[in-house]
Amino acid sequence: MQKDSVLEMRGISKSFYSVKALQNVDFTLREGEIHALMGENGAGKSTLIKVLTGVYQKDGGEVFLKGHEGPVSIKSPEEAQKAGISTVYQEITLCPNLTVAENMYIGRTSGVITKWREMNAGAAKMLESLGIPAKAEQQLGTCSIAVQQMVAIARAVDMECRVLILDEPTSSLDESEVAKLFRLMLDLKARGVGIIFVTHFLDQVYEVCDRITVLRDGKLVGEYAIENLPRVELVSKMLGKELNDLSEIKGSGDGVGSDEVIYEADRLSSVAAKSPFDFTIHKGEVNGFTGLLGSGRSECVRAIFGADKVTGGKVMMDGKPVHISHPRDAMKHGIGYLPEDRKRDGIIGDLSVRENIILALQVLEGFFGPISRAKAEKFADEYIKLLEIKTASTETPVKSLSGGNQQKVILARWLLTNPQYLILDEPTRGIDIGTKIEIQKLVLKLAGEGKSVTFISSEIDEMLRTCSRLVVMRDGKAVGELKGDELTQNKIMSTIAGGEK
Amino acid sequence: MTAPGNVAGVQKLTGLFRKQIFIPIAALLVLIIFNLIADPSFFEITYAQNSAGEPVLSGYLITILDNASELAILAIGMTLVTAASGGQDISVGAAIAISGSVVLRVLCGDNPRPEEMQASILTAFLISCLVSMLFGAFNGTLVAYFNIQPMIATLILYTAGRSIAAWINNNRLPIISDPAFGYFGTFMPGIPVPTPIFIAIICMIITALVLKFTTLGLYTQAVGINPNSAKLNGINPSLIKFITYVIMGLCVAVAGFIKVTRFSTINYSVVALDIEMDAILAVALGGNALSGGKFSMASSILGAYVIQFLTTTLFKFNVSSSALPAYKAVVVIVLVVLSAPTVREKAGKVWRSIRSAKAGKEAA
Amino acid sequence: MGKVLNRKGRLVPMSDTNLLLTITIVVFFAMYLAAMLFIGRGFLKIQTLFNILNENAALIILSCGMSIVMITGGIDISVGKLTALICMSAAVNLDYHNGSVLTAILLSLAIGIAFGVVQGYLVAYLNIQPFIVTLAGMFFAKGMTTIVNSTQFNVQNEAFLALKNTRVYIPFLGSVNKLGKFVPAYVEIGVIVAIVTVILLFILLRWTRLGRSFYAVGGNSQSANMLGINVRRTRFAAHLLCGLLAGIGGFVYFLHVGSGAPSHATGAEMNAIASSIIGGTMLTGGVGNIVGTFFGVLSLSTIKNIVTLLGLDDAWWTNITVAVMICIFLVVQSIVLLRKRSRS
């Protein structure tokens, strides 16, 4: 083991059934460094981390920790904690029925007795120093997702750990929260903690990290110092090919659309989108909703689709007034909606790829018109081929697919219904760059075919590449609409932030 | 190293192991083999005279098929309820008491010992279907619209059901003397096979047709696995859950009808006692997750027959009816333990290591 | 509603557990007060309350075990038949095998623990659904009871009968009878055991690591695992504890009835579940309170007493009333929690 390293993993291998998730991977973490672990979905980042934290047992290889003679074996998250490894996962891994304070301390206090007073005081101090807007005595389930994620981070930070693992912790945080997190990471780094940072956001990597390890298809590509690896090279290492597509995807269609109005909402509101909004989309147009997390962009599109209870407003489609109060009404009028949270609202995990693909069409066909097995298989095969979905067969349970492929299955589900208006809420979140570009291309292709698309993304450059018009949201209200020459990064940022001040 | 053909064969075999229906089939095979060894006469079917003096088929196999009818019918409803709502209906025994009581009430009117029936059997059956579906709707409302866990919601009817059944007939025990009523629970004149077997088969055929010609199967599974996503695809999860409980009510009505026609009377406190436990067991033995989601109807129904097979086998070996549950419990635990994924995984590992050790030896 | 002050005097939303607990306690006292005002008679005597305790000491202990398992997200439907098995075994031990009270107690505990260990192992380490495991446990106990002894009989052992008839008088409490004589109020030994159990378990759940682990596992078992809690061990401990409590509760039941019979404690598991629910425990896990369970048992039996005193002296009516009560409680709980969810 090298002198300055806190963690070394040598020749790690792990297989699930016949799939080799990790093959002979090395990883070294030095004292006081922030080390990005990069790779596409299915590259093996999560598996490597779960091996390290004892959630999975490795098939081969050795793990060394500073202060331990010889290789250590970590068999459970409990043991990992004791060895000084703390982890924040992408999904919230806290208990919603316990208080904020308890969630920060449970499972890591030594005594048999829970000292509530001490615990609450400690937690309150921690929450205050990190600026987390929650109270120690509050039940965690009543906090927002972002706050819950911050509590998870607070817990990990408070553990006096040597190794801190952050597995995509930023996907539910807004910019100011991300900034807070980065300050905290730099502070810990100064204290000599080694931090493993997994993220899909390249900007964030170049903002805080010192070193990058790239994985691809379960194998190690290499370890690089950040200054020696420009962005383009990083991306090509992750994808395993040179890629100039990044800026070149417009052209198959411009997504501006015709004058014909497909959908028009007048003072529409729902229980979630409380302040009424107006919205119009034209045939063949790609428009976007942008704004910070929690600005109400998802709530707006959910109201359009009838996913939340609609409380007021008028809707016209093709110039005729229609009534949409339930997703089924929207579907009947040719609207499709790909939800923001793929796992919670999108896939039906235990059902097969085939069943997931035909689901929406099946609902449209009605209760007494089941699609025959043969026809369903034909549809599934067609879209697996069209969208290049990587699956063993049409009968594979969709939950065993990687994130990007799950997303493609949901896309296939809506494309199969041949919608005239498709709403895509964060279709590229948490999926790899290759698939991202495929989805962006597909959006423009659909627009070229005369379909209208609403595209929502947290990444502004992605919106710039696909959308011809942007509705900017802030605090639940539409505060601006940008199109044509106004569509620049700076202009969008300043509109989101509230003017040029 | 194994030959490629061998590998494919092994994969096919493990594929069969992983199939859900393997569990009840294996259990059934074990029971059959046990009986073959212990006493092959178990499988004999003979002609005997029934109480009406007609020749009918008799034998343990017939008993099993006959007595499992109610359970198989209940397993249909229980499977759907489990799949959609991720919980079980524990009120079916009590609800059977109600439906049976309704049948008798309609047929007897105010006189508990009527000379002739006050209404046609069909009318009585249809009214009892309606009442049972209403009680099913009550359970369904609590589960689907008030979001109460199924076991707890149905605890209400479980507690009150037999009391309601008694109240329907003013706490009297009506008896029907017309032999035509008994045809449904025993034998039709001239047909040597017990009628409940036919009723069960009809129910299964109807179920198969419903599952084939509607999307009920897909919808219940989708709702059971991920209600959020089901909703965003235009399915109404609450309505689907509600419907499964109403279907359960219908199954209860049919099972209740068989129960009362077997004896032409009813005993409110013991009729179909603990049958809900057997029905839930049938679903579990069929390899269905009691937490809902994917289901296999055929496996559940087969599970019901396995349970009856076991019961009849134990009776044959002179186990007293009050001690029967103890033996049943042991068998159930063995079955469930053997089919538990954790155990199967471990067994698989041991099996592989033995094989590789063998292969190693052969290579050396 | 639904908010409490924290130490610094700021309003914090009440946790689900405390909200449901509050509802239970308020309902119990309101109900009892109403009974005193409108029915009077027995309810004005303090002994009625203590009789409710005497009748239900065993149920209180069984319900505590049930609540703990339910808090971890499981269920145990074997406790009723297990109680019958324990009564029968203890009775046979005392009268046919020259056992002493001590051996009977040890036997009861041993049976309870044995069930707890086996069921806990199957649930926690082999990942078999708790409903199925304890269903098998219930069948097994039911069958074993008649194998041990198939008929009811009363225990004759004198030391045991002396213990059974021991009355613990409550200082200063009592009522004046028709002759103007003061009759002190009393409870049976079992009530003392039940109260001590409730206090110990309350402490366990509120302040110990194990107790908090029960809540964490019930809240989200995967998260609990990630937080460094040994989920399997915790689940095992919950079933073991439930078995142990069934052992204690079984003996207390035995002490109250003084006989062994296959029909003893019929439906006790459902009463225990009902009491837990009325006491604010949720079957989905992670929410519940032992004090609530205690009041749940009291509420359940108070309503039964009210029905009896109203002259509807019929087992049918009791069942229907209890069912209605569970129904009302469930609907109230679900409405309160749903509203809270939609607000946050």
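The values are calculated or read from the model by the stated rules, or taken from the named source; none is laboratory data. Everything numeric in this text was worked out from a predicted model, so none of it was measured. Note that each Cβ is placed from the backbone with ideal geometry, even for glycine, and that neighbours are counted across all protein chains shown. Heads up: the accessible areas ignore ligands, DNA and RNA and are worked out on the full protein's heavy atoms, side chains in. Shrake-Rupley method; radii C 1.70, N 1.55, O 1.52, S 1.80 Å.
Using unit Cβ charges (K, R positive; D, E negative) and no other charged atoms, how large, in debye to the nearest 20, is the dipole of region A:351-418 about its Cα centre? Walk me through the intermediate numbers first.
Values: 9 positive and 7 negative charges, 18 e Å.
Charge dipole, region A:351-418, about its Cα centre: 80 debye, nearest 20.
Roughly how many nanometres apart are two label points built 7 Å out from the Cα toward the Cβ at B:LYS316 and A:SER275?
7.7
Once amide H atoms are built 1.01 Å from N in the peptide plane, which residues 5 or more positions from B:ILE148, or in another chain, come under 5 Å H to H?
B:VAL143
Would you tell me the mean number of C-beta atoms belonging to other protein chains that fall within 10 Å of each C-beta in C:322-331, as a whole number? Provide the component values of the computation, followed by the final result.
Details: counts 5, 11, 3, 2, 8, 10, 1, 2, 9, 5.
So the per-residue partner count for this stretch is 6.
As a test of the definition: with a 1.4 Å probe, what buried accessible area, both sides summed, do you compute for A against C, in Å² to the nearest 100? Before the final figure, lay out each step's value.
Details: alone 23290 and 17130 Å², together 37750 Å².
Looking at A and C, the buried total is near 2700 Å².
List for region C:13-60: residues with 20 Å² or greater reduction in accessible area, all protein chains versus chain alone, probe 1.4 Å?
C:PRO13, C:SER15, C:ASP16
Can you give the helix-only mean residue ellipticity at 222 nm for chain C, where every DSSP H stretch with n ≥ 4 adds -39500 (n - 2.57) and the sum goes over all residues, rounded to the nearest 500 deg cm²/dmol? Before the final figure, lay out each step's value.
Values: 13 runs with 240 residues, N = 344.
Computed ellipticity for chain C at 222 nm equals -23500 deg cm²/dmol.
Calculate the length of the line joining the C-alpha centroid of region C:241-288 to that of region B:288-320, in whole Å.
The two parts, judged by their Cα centres, are 28 Å apart.
Would you work out which of C:THR83, C:THR318, C:VAL336 lies farthest towards the positive end of the dipole of chain C, given +1 charges on the beta-carbon of Lys and Arg and -1 on that of Asp and Glu, about the Cα centre?
C:VAL336
Per residue, what volume in Å³ does the Cα convex hull of chain B take up? Numbers along the way, then the final one.
Working: hull volume 63.8 nm³, N = 364.
About 175 Å³ per residue, rounded to a whole number.
For a label point 7 Å from the Cα of A:GLU395 along Cα→C-beta, name the residues of region B:207-221 whose backbone N is under 18 Å from it.
Of the residues in region B:207-221, B:218 have backbone N under 18 Å from the label point off A:GLU395.
Can you give the angle from 0 to 90° between the axis of helix B:216-225 and the longest principal axis of chain B, with both taken from C-alpha atoms, to the nearest 10?
Taking Cα atoms only, the helix is inclined about 60 degrees.
What per residue convex hull volume, in Å³, comes out for region B:106-205 when only alpha-carbon positions are used? If you can, show how the numbers build up before the last one.
On the way: hull volume 13.3 nm³, N = 100.
Once divided by residue count, the hull of region B:106-205 is 133 Å³.
Using +1 at the C-beta of Lys and Arg and -1 at the C-beta of Asp and Glu, which of B:ALA165, B:ILE225, B:PHE138 has the Cα lying farthest in the positive direction of the dipole of chain B?
Highest projection toward the positive end goes to B:ILE225.
Please list 3J(HN,Hα) in residue order for region C:241-252, calculated via the Karplus relation 6.51 cos²θ - 1.76 cosθ + 1.60 where θ = phi - 60°; whole Hz, with x for glycine and proline.
4, 5, x, 4, 5, 5, x, 5, x, x, 5, 4
What are the principal axis extents of the Cα atoms in region B:233-364, in Å, biggest first?
Cα extents, longest axis first: 73, 55, 18 Å.
Just how much of A:SER372 is accessible, in Å², when a 1.4 Å probe is used and the result is rounded to the nearest 10?
60
Tally up the carbon and sulfur contribution to the accessible surface of the protein assembly as shown as a whole percent, 1.4 Å probe, everything protein left in place. Write out the running numbers ahead of the final one.
On the way: 30120 of 50690 Å².
The C+S portion of the solvent-accessible surface of the protein assembly as shown is 59 percent.
Over 56 Å apart: what share of the alpha carbon pairs of the protein assembly as shown falls there, rounded to a whole percent?
Details: 173878 of 730236 pairs.
Here the tail beyond 56 Å accounts for 24 percent of pairs.
Could you compute how much accessible surface C:LYS142 exposes when probed at 1.4 Å, giving the result in Å² to the nearest 10?
Around 60 Å² of this residue is reachable by solvent.
By its C-alpha gyration tensor, with a ≥ b ≥ c as the square roots of the eigenvalues, how is region B:60-156 shaped: rounded for a/c under 1.5, else prolate for a/b larger than b/c, else oblate?
oblate
Once R0 is set to 30 Å, what does the formula 1/(1 + (r/R0)^6) return for the Cβ-Cβ distance between B:ALA208 and B:ILE33, expressed as a FRET efficiency to the nearest 0.05?
On the way: r = 29 Å, r/R0 = 0.97.
With R0 = 30 Å, the Cβ-Cβ based efficiency is 0.55.
Enumerate the calculated ³J(HN,Hα) couplings along region A:227-238 in order (Karplus 6.51 cos²θ - 1.76 cosθ + 1.60, θ = phi - 60°), each rounded to whole Hz, writing x wherever the residue is Gly or Pro.
For region A:227-238, the Karplus curve yields 6, 8, 10, x, 3, 4, 5, 4, 4, 5, 5, 5 Hz.
Once the whole set of protein chains is in place, how much accessible area is left on C:TYR125, using a 1.4 Å probe, in Å² to the nearest 10?
Accessible area, nearest 10 Å²: 70 Å².
If I model a spin label at A:SER258 and B:LYS358 as a point 7 Å from the Cα along the Cα→Cβ vector, what separation in nanometres do I get?
7.0
Given a 1.4 Å probe and no ligands, DNA or RNA in the count, how much accessible surface is buried by C and B, both sides, to the nearest 100 Å²?
Values: alone 17130 and 18660 Å², together 32170 Å².
Buried: approximately 3600 Å² between B and C.
If you roll a 1.4 Å probe over the heavy atoms of the protein chains, what accessible area per residue do you get for region A:5-246, in Å²? Could you put the intermediate results ahead of the total?
Working: 9960 Å² over 242 residues.
In whole numbers, region A:5-246 has 41 Å² accessible per residue.
What FRET efficiency comes out for B:VAL337 versus A:LYS378 if R0 is 30 angstrom and r is the Cβ-Cβ distance? Round to the nearest 0.05. Walk me through the numbers before you get to the answer.
On the way: r = 42 Å, r/R0 = 1.41.
For B:VAL337 and A:LYS378, the calculated efficiency is 0.10.
Just report the Cα centroid separation between region A:1-77 and region B:102-174, whole Å.
62
If R₀ is 22 angstrom, what is the calculated FRET efficiency for the pair A:ARG183 and A:GLN489, using the beta carbon separation as r and rounding to 0.05? Intermediate results must be reported in sequence, preceding the final value.
Working: r = 24 Å, r/R0 = 1.10.
In this case the efficiency is close to 0.35.
Where the only charges are on Cβ atoms (+1 Lys, Arg; -1 Asp, Glu), what is the dipole of the protein assembly as shown about its Cα centre, to the nearest 20 debye? Don't skip to the answer; put the middle values down first.
Details: 108 positive and 93 negative charges, 359 e Å.
Charge dipole of the protein assembly as shown: 1720 debye, to the nearest 20.
Angle check, please: helix B:324-339 long axis (alpha carbons) against the longest principal axis of chain B (alpha carbons), in degrees 0 to 90, nearest 10.
40
Work out from phi, with θ = phi - 60° and the Karplus expression 6.51 cos²θ - 1.76 cosθ + 1.60, the ³J(HN,Hα) of each residue of region C:208-216, listed in order in whole Hz, and give x for Gly and Pro.
9, 4, 4, x, 5, 4, 4, 5, 4
At a Cα cut-off below 28 Å, give the lysines reachable from A:LYS491, other chains included and same-chain residues fewer than 8 away excluded.
Within the straight-line limit of under 28 Å, A:LYS491 reaches these lysines: A:LYS180, A:LYS250, A:LYS274, A:LYS283, A:LYS436, A:LYS441, A:LYS445, A:LYS451, A:LYS477, A:LYS483, A:LYS501.
When DSSP assigns beta bridges and you keep just the ones with both residues in the protein assembly as shown, what percent turn out antiparallel, to the nearest 5?
Working: 58 of 92 bridges.
In the protein assembly as shown, approximately 65 percent of DSSP beta bridges are antiparallel ones.
Could you give the alpha-carbon Rg of region A:351-418 over 2.2 N^0.38 Å, rounded to two decimals? Walk me through the numbers on the way to the answer.
Working: Rg = 11.0 Å, N = 68, 2.2 N^0.38 = 10.9 Å.
The value comes to 1.01.
Taking the convex hull of the Cα atoms, report for region A:443-501 its projected area averaged over all directions, in nm².
On the way: hull surface 17.3 nm².
If you wrap the Cα atoms of region A:443-501 in a convex hull and average its projections, you get 4.3 nm².
Residues with amide H under 5 Å of A:ALA21's amide H, sequence separation 5 or more or different chain, H placed in the peptide plane at 1.01 Å from N; which?
When sequence neighbours closer than 5 places are left aside, the close amide H contacts are A:LYS14, A:SER15, A:PHE16.
Can you tell me the 0 to 90 degree angle between the C-alpha axis of helix B:237-263 and the longest principal axis of chain B, rounded to 10?
Approximately 60 degrees, to the nearest 10.
Indicate the gyration tensor shape class of chain C (rounded, prolate or oblate), computed on the Cα atoms with a ≥ b ≥ c the square roots of the eigenvalues: a/c under 1.5 is rounded; otherwise a/b larger than b/c is prolate and the rest oblate.
oblate
How large is the helix-only mean residue ellipticity at 222 nm for chain A, computed as the sum of -39500 (n - 2.57) over DSSP H runs with n ≥ 4, divided by its residue count, in deg cm²/dmol to the nearest 500? Don't skip to the end; give the middle numbers.
Values: 16 runs with 168 residues, N = 501.
Result for chain A: -10000 deg cm²/dmol, rounded to the nearest 500.
Just how large is the dipole of chain A about the Cα centre, in debye to the nearest 20, putting +1 at every Lys and Arg Cβ and -1 at every Asp and Glu Cβ?
Numbers: 63 positive and 69 negative charges, 181 e Å.
Roughly 880 debye for chain A.
What is the set of long-range amide H partners of C:SER175 at a cut-off below 5 Å, with H atoms built 1.01 Å from backbone N?
Under 5 Å from the amide H of C:SER175: C:VAL183, C:ALA185.
In whole Å, what is the distance between the alpha-carbon centres of region C:62-116 and region C:122-149?
Result: 13 Å between the Cα centres.
What does the C-alpha gyration tensor say about the overall shape of region A:1-151? Classify as rounded when a/c is under 1.5, otherwise prolate if a/b is larger than b/c, or oblate. Walk me through the intermediate numbers first.
On the way: a/c = 2.15, a/b = 1.77, b/c = 1.21.
In terms of gyration-tensor shape, prolate.
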